[in-house]
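The next block holds one structure in the form of structure tokens; read it before the comments.
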């Protein structure tokens with residue numbers, strides 16, 4: 001713990017000027033999507049409730065992409081799946097029509113460019129129409145429209161307070177859907193959970209626990225809910241991420257007297273040193289090729305972002321960030337083209353993104369709360385993060401939020417779970 005405390009609180013003021021690019025100035029034209037709930041008047045209330053739920057979930061899913069999709073809606077007796085309706089919406093430059101039809105028990109998607117039906121799925125049984133199925137349908141329609149992966153079926157791992165008091169705080173590991181629904185508690189350590197990270201196939205999660213004066217590293221199998229200790233060496237065992245093949249992890253260890261980043265083979269538990277500086281090195285993030293790592297280091301006197309080649313020790317070190325008094329939690333985008341991170345600026349944490357070569361710094365948050373722990377969605381369109389808001393003199397609220405990669409359309413997604421932190425998207 002002493003390394004964490006010293007790392008966060010012994011930083012000097014960094015006075016170098018930096019250029020920050022504003023966000024949200026240049027917007028692409030939005031694609032217009034129309035969602036229709038049709039022909040529900042003559043159906044039973046139970047069936048009507050199911051299709052209203054389906055309509056709302058699909059509409060809300062696509063509204064998540066408000067930076068690229070403009071959603072409108074209507075509810076009427078007749079189907080929109082007619083030549084006159086298609087012609088009308090085509091003339092008004094709509095990109096897609098999505099119709100939830102109670103009478104036909106179906107969800108239909110119409111592509112305006114070809115004026116043709118491209119998706120048609122029947123829904124049977126009130127109990128079988130789950131949020132999971134509806135997210136799957138939304139993902140299929142999105143894939144048809146853009147030929148890209150969507151965020152609709154992704155999960156977020158995070159830490160939340162199981163119990164908190166003035167004398168003791170506990171945080172356990174949770175997982176929830178991308179929209180904050182279906183939260184599930186995964187652990188009962190009675191300590192403070194830190195830094196979750198999904199395996200490449202999303203079947204396992206690494207996380208650290210502060211407990212009994214130390215920081216130990218665990219792994220949980222999401223299929224069996226079985227936990228195992230990965231590293232319990234003296235001092236810090238934290239900030240771990242999987243290698244792209246899932247056979248090893250990069251983590252910070254301090255058993256030798258200094259906090260350095262190591263590679264650990266999960267089979268043999270053998271170690272190889274990746275950093276070897278007298279400064280404190282923490283928070284490794286690895287790109288999808290496994291050839292570039294970002295991390296935090298105090299080697300310049302402040303906690304700033306560096307990159308290196310993890311195949312050796314201190315190989316190809318390059319300083320990336322020069323913003324704020326100190327930085328935290330750098331994370332690569334799926335494309336490898338960006339790193340998002342938190343920086344202490346004007347007595348609060350805000351989120352920035354930057355290229356791995358140190359160019360094109362962009363400020364993503366400002367003037368609301370203290371914002372930390374950023375994590376890109378697998379499609380690179382969104383960033384999940386934790387935000388701490390002062391509610392009253394005696395109450396502080398910390399929840400998980402999601403926004404577009406440009407810092408737009410910020411939404412709170414966690415509710416009623418205590419103080420939430422360290423969100424991490426699936427891969």
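So for segment 404-413 (the condition being buried (at least 19 other Cβ atoms within 10 Å of the Cβ), touching a residue at least 24 places away in the same chain (Cβ under 8 Å) and part of a strand (DSSP E or B)), does at least one residue qualify? Within segment 404-413 (the criterion being buried (at least 19 other Cβ atoms within 10 Å of the Cβ), touching a residue at least 24 places away in the same chain (Cβ under 8 Å) and part of a strand (DSSP E or B)), the answer is yes, since at least one residue qualifies.
Quick check, is residue 100 part of a strand (DSSP E or B), within 30 Å of residue 407 (Cβ to Cβ) and in contact with a helix residue (DSSP H, G or I) (Cβ under 8 Å, 6 or more places away or on another chain)?
So residue 100 fails the test.
Taken over segment 329-346, residues that are under 20 Å from residue 409 (Cβ atoms) and surrounded by 18 or more Cβ atoms within 10 Å (Cβ to Cβ) amount to 5.
Could you pull out the residue among 326, 349, 322, 278 that is without any contact (Cβ under 8 Å) to a residue 40 or more places away in the chain and surrounded by 17 or more Cβ atoms within 10 Å (Cβ to Cβ)?
349
Against the test of being in a loop (DSSP other than H, G, I, E, B) and in the same structural domain as residue 207 (by TED's automatic domain parsing), the options 272, 331, 299 yield a single qualifying residue, 299.
Taking the criterion of being farther than 20 Å from residue 283 by Cα and touching a residue at least 60 places away in the same chain (Cβ under 8 Å), the residues of segment 371-388 that qualify are 379, 381, 382. Applying the condition of being surrounded by fewer than 20 Cβ atoms within 10 Å (Cβ to Cβ) and touching a residue at least 60 places away in the same chain (Cβ under 8 Å) to segment 95-109 and asking which residue is farthest from residue 141 (Cα to Cα) yields 103. Could you check segment 15-57 and list, in sequence order, the residues that are within 29 Å of the chain's Cα centre (by Cα) and modelled with pLDDT under 85? 18, 19, 20, 21, 22, 23, 24, 25, 26, 27, 28, 29, listed by residue number.
For residue 179, state whether it is in the same structural domain as residue 236 (by TED's automatic domain parsing), surrounded by 14 or more Cβ atoms within 10 Å (Cβ to Cβ) and outside any strand (DSSP E or B). So residue 179 fits the description; yes.
Every residue, every condition in (1) part of a strand (DSSP E or B); (2) at pLDDT 95 or above, yes or no:
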| site | (1), (2) |
| --- | --- |
| 153 | no, yes |
| 158 | yes, yes |
| 163 | yes, no |
| 193 | yes, yes |
| 228 | yes, yes |
| 245 | no, yes |
| 251 | yes, yes |
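Just one of the numbered conditions (1) at pLDDT below 95; (2) not in a strand (DSSP E or B) is not true of residue 398: (2). Candidates in segment 113-131 are the residues that are more than 29 Å from residue 84 (Cβ to Cβ) and free of Cβ contacts under 8 Å to residues at least 40 places away in the same chain; of these, the one that is nearest to the chain's Cα centre (by Cα) is 130.
Take residue 70 and tell me if it is buried (at least 21 other Cβ atoms within 10 Å of the Cβ) and either outside the structural domain of residue 412 (by TED's automatic domain parsing) or at negative phi (or both).
No: the conditions fail for residue 70.
The values are calculated or read from the model by the stated rules, or taken from the named source; none is laboratory data. What you see is a predicted model; the values in this text were computed from it and never measured. Because the Cβ atoms are built from the backbone with ideal geometry, glycine has one as well, and the counts that use them run over all protein chains shown.
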